[in-house]
1. Students often forget the sequence filter, so: which lysines lie under 26 Å Cα-Cα from Lys48 once same-chain residues fewer than 8 apart are removed?
2. If I require 18 Å or longer along the helix axis, counting alpha carbons, and a Kyte-Doolittle average no lower than 0.5, what helices from the chain are left? Use full DSSP H segments.
3. Between Thr416 and Val40, what's the calculated FRET efficiency when r is the beta-carbon distance and R0 is 51 Å? Round to 0.05.
4. Counting only heavy atoms of protein chains, what accessible area per residue, in Å², does the stretch 327-420 have with a probe of 1.4 Å?
5. GNM on the chain, C-alpha springs below 10 Å: top fluctuator among Thr383, Thr254, Thr145?
6. I need to check one value: relative contact order of the chain, counting alpha carbon pairs closer than 8 Å and at least 6 residues apart, in percent.
7. What value, in deg cm²/dmol to 500, does the helix sum -39500 (n - 2.57) over DSSP H runs of n ≥ 4 give at 222 nm once divided by the residues of the chain?
8. With each pseudo-label sitting 7 Å past Cα toward Cβ, what's the Phe64-Thr132 distance in nm, one decimal?
Amino acid sequence: MTLSQKKFYPWLVVALLWVVALLNYMDRQMLSTMRDAMAVDIADLESKVMFGKIMAAFMWIYGFMSPVSGIVADRINRKWLIVASLAVWSTVTLLMGYATTYEEIYWLRAAMGVSEALYIPAALSLIADYFTGKQLSLAIGIHMTGLYMGQAVGGFGAFVAAHLSWQSTFHWFGIVGIAYALVLIFFLHEKRVAASAGAARGEQQPLGKVLRGNLRAVGRSLGMLLTCVAYWAILFFFATSSVPGWATKNWLPTLFADSLGIDMVWAGPVATITIAFASFVGVMVGGPMADRWSRKNLKGRIYTSSIGLSLMIPSLVLMGYGTSLVAAVGAGILFGFGYGLFDANNMPILCQFVSDRSRGTAYGIMNMSGLFIGALATNVLGTLADQGLMGLGFVFMAGALVLALVAQLVVLKPKTLNME
């Protein structure tokens, strides 16, 4: 019996991908806390507007690549897609430590957007294929805690840079990722729930026929998704909720540093650790809760996600206009817990409306929508920050979440826990 046939192997997949998720968010998050240290050597980073353009560049590229990565994840070996993605973005992180100009940082950040976009659709669809039963929300939730831990560790970027240098910080984090890509080569294995009869028999087909077949399959997937009302509702609440998700990652350290009057060395960890810890608790509560609730009511996962959205709304207002450390930490905890409930159930809810053959594509389009609107919001928040009005932007995001909550509860009416 091979390793992938062992009863415990699905959970090993979650453990292996948990580390990749941590590295994914750690590498993207630490730049937001190291702006001050890097601005000493790269003067253009002193401008919040210029810095916002760098953060938005990652998001635009990530967004454009997300549907492509989802389509690819539905049709090629996801193990190698994940390995390649990790290796490339870790190499980019390593190279960030050698950058000496604003333009170099800008283009490296854009390249990171390409490589990191390949990971999430492949990883979540792989986990969904290993967990087709009652523990899907828990498995997805545990994986998502890796993202939160990466966000928290990335929040210490300024702290590490203060003791070493920002260049060394990028170097070491990049080396760790490259080394872990080698580990995945040996221990991560692909799993497909459905395969064509010819593929199952090992038959070889002409390349042209394979390409035409794949193009027809892509067309069918897109046609099914874009004519599904439930999918449009999922797309709307996912995109709307992505705005505060990205805003807290990219700008919350700056908001707390300005509103609380504390150094970025401390504002970074306050902003990232409180949200990451609370999100960790949220998914560990929300995953099992949604799994149990869904066995009694098909909308159980939707209701769990809705509770999360309801908690995020007041927390954003408190983030925007809180003026004390207690208010900042309280807002971060409330937002993080709500986001954890929400985040643990996005893919499980999607599985109730989209078949396993199109989930990578579906999640890729969701990522694109979230990234595009998040990139616009990042630029707007940069402008508001220079005018001392960033708090107002957080209040507007809270208002948008009210609409997302209504769409989620009214439109989504599942008929199964797992659409085949």
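1. Cross-link targets: Lys249.
2. Passing helices, by number: 9-33, 48-73, 78-96, 136-154, 166-187, 207-226, 229-250, 264-296, 300-321, 325-343, 359-386, 390-411.
3. Values: r = 56 Å, r/R0 = 1.11.
It comes out at approximately 0.35.
4. Numbers: 3140 Å² over 94 residues.
About 33 Å² of surface per residue is accessible.
5. Thr383
6. Reported relative contact order: 26 percent.
7. Values: 19 runs with 336 residues, N = 420.
Counting only the DSSP helices, I get -27000 deg cm²/dmol.
8. Computed distance between label sites Phe64 and Thr132 equals 3.7 nm.
The values are calculated or read from the model by the stated rules, or taken from the named source; none is laboratory data. Nothing here was measured: the structure is a model prediction, and the numbers come from that model. Every residue, glycine as well, gets a Cβ built from its backbone with ideal geometry; the counts of neighbours run over all protein chains shown. What goes into the accessible areas is simple: the full protein's heavy atoms, side chains included, and nothing from ligands, DNA or RNA. Shrake-Rupley method; radii C 1.70, N 1.55, O 1.52, S 1.80 Å.
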